[in-house]
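Trainee: First the structure, then my questions, so here it is.
Nothing in this text is a laboratory measurement; each read-out follows from the coordinates by a stated rule. Since the model is a prediction, treat every value here as computed from it, not as a measurement. Every residue, glycine as well, gets a Cβ built from its backbone with ideal geometry; the counts of neighbours run over all protein chains shown.
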Amino acid sequence: MKYTLTSENVAQQLAAIRSRVQALTIGLDESALNWQPAGGRQWSIAQCLHHLALTTEFYAQALDVAIEAAPQVTLDTPARPNLLGRVLIWAIEPPVRVGVPARAELMPPSRHVPDVVLRQYDASLDRLAALVERALRIDAGRARYANPLAGGVKSFNVVTGVMVMLAHNRRHLVQAERVRTLRPSV
């Protein structure tokens, strides 16, 4: 996986994520999308997608603030995550190495209407794409954001924030794909 902030790199990653979601959800009805393994103790496919939509918006707000505060520049080379950011991305990227419980405000409800959750998820990917276009106009390798999931600490650069969101999507898509394979045939 490439962790450089370029339009092409992020567009390729988003296209791959969208393709996986389409393959994951094709042919599934409301019951299948909401089915939870382990007697309801694990998330359904719809819950995974809703959590991703919530988390992307939550995280994007912090990145918006950093992007707005940074001066606009034109760079010759693509920006990359800082060292601490690479460690964070590595921890989030599948396969899951570290399990972290979701914050209460990012916990998805148990039931979802398929069209609604799919629209919300798709809108979150559009939000991320728009954020990237804005991040490309600043020095995203230098600009730091207040990480809302790390107590507002400004240890990570904006590139890290973008790459974390992409890795987080892949992480939960692996989880959702596993749910699809576990669901008993009806």
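Trainee: Given an 8 Å cut-off on Cα distances and at least 6 residues of separation, report the relative contact order of region 7-182 as a percent.
Mentor: RCO, region 7-182: 39 percent.
Trainee: Taking amide H positions as placed 1.01 Å from N in the peptide plane, with prolines and chain starts having none, which residues 5 or more places from residue 35, or on another chain, fall under 5 Å of its amide H?
Mentor: 45
Trainee: Next question, about the same structure. Any chance you could give the angle, 0 to 90 degrees and rounded to 10, that helix 7-25 forms with the longest Cα principal axis of the chain?
Mentor: That works out to roughly 10 degrees.
Trainee: Would you please give the residues with an amide H less than 5 Å from that of residue 155, counting only those at least 5 places away or on a separate chain, with H modeled from the backbone geometry?
Mentor: Those qualifying (amide H under 5 Å, at least 5 residues apart or on another chain) are 147.
Trainee: Find the eigenvalues of the gyration tensor of the Cα atoms of region 84-186, then list the square roots of 5 times those eigenvalues as equivalent ellipsoid semi-axes, largest first, in whole angstrom.
Mentor: 28, 17, 13
Trainee: Across region 67-81, in residue order, what do the Karplus-derived ³J(HN,Hα) couplings come to in whole Hz, using 6.51 cos²θ - 1.76 cosθ + 1.60 with θ = phi - 60° and x for Gly and Pro?
Mentor: Each residue of region 67-81 in turn: 5, 4, 7, 7, x, 6, 9, 10, 9, 7, 10, x, 7, 10, x Hz.
Trainee: Under unit Cβ charges (Lys, Arg +1; Asp, Glu -1), what dipole magnitude, rounded to 20 debye, does the chain have relative to its Cα centre?
Mentor: Using Cβ point charges on Lys, Arg, Asp and Glu, the chain gives about 580 debye.
Trainee: Which Cα, out of 78, 131, 39, lies furthest along the positive dipole direction of region 7-182 (beta carbon charges, K/R +1, D/E -1)?
Mentor: Final value for the positive-end residue is 39.
Trainee: Another question, if that's okay. Can you bin every Cα-Cα distance in region 7-182 into 5 Å intervals starting at zero and give me the percent of pairs per bin, rounded to whole numbers?
Mentor: Histogram of Cα-Cα distances, whole percents per bin: 1, 8, 17, 21, 20, 14, 9, 6, 2, 1, 0.
Trainee: Read phi for every residue in region 57-63 and hand back ³J(HN,Hα) as whole Hz from Karplus 6.51 cos²θ - 1.76 cosθ + 1.60, θ = phi - 60°, with x for Gly and Pro.
Mentor: Running phi through 6.51 cos²θ - 1.76 cosθ + 1.60 with θ = phi - 60° gives 5, 4, 6, 4, 4, 5, 5 Hz.
Trainee: Here's another thing I want to ask about it. Using only alpha carbon pairs under 8 Å that are at least six residues apart, calculate the relative contact order of region 48-149 and give it in whole percent.
Mentor: 66
Trainee: Another question about this same structure. Counting Lys and Arg as +1 and Asp and Glu as -1, what is the net charge of the other residues whose Cβ lies under 10 Å from the Cβ of residue 32? Don't skip to the end; give the middle numbers.
Mentor: Values: positive: 180, 183; negative: 29, 30.
For residues surrounding residue 32, the net value is 0.
Trainee: Assuming a ≥ b ≥ c are the square roots of the Cα gyration tensor eigenvalues, decide whether region 3-43 counts as rounded (a/c under 1.5), prolate (otherwise, with a/b larger than b/c) or oblate.
Mentor: Details: a/c = 5.88, a/b = 2.25, b/c = 2.62.
In terms of gyration-tensor shape, oblate.
Trainee: So, in Å, what gap is there between the alpha-carbon centers of region 1-30 and region 38-91?
Mentor: 14
Trainee: Would you mind checking the radius of gyration and Dmax of region 98-151 based on alpha-carbon positions, in Å?
Mentor: For region 98-151, the Cα-based Rg and Dmax read 15.2, 41 Å.
Trainee: Ignoring everything except DSSP H segments at least 4 long, calculate the 222 nm mean residue ellipticity for the chain; use -39,500 (n - 2.57) per segment, divide by total residues, nearest 500.
Mentor: Here the helix-only value at 222 nm equals -19500 deg cm²/dmol.
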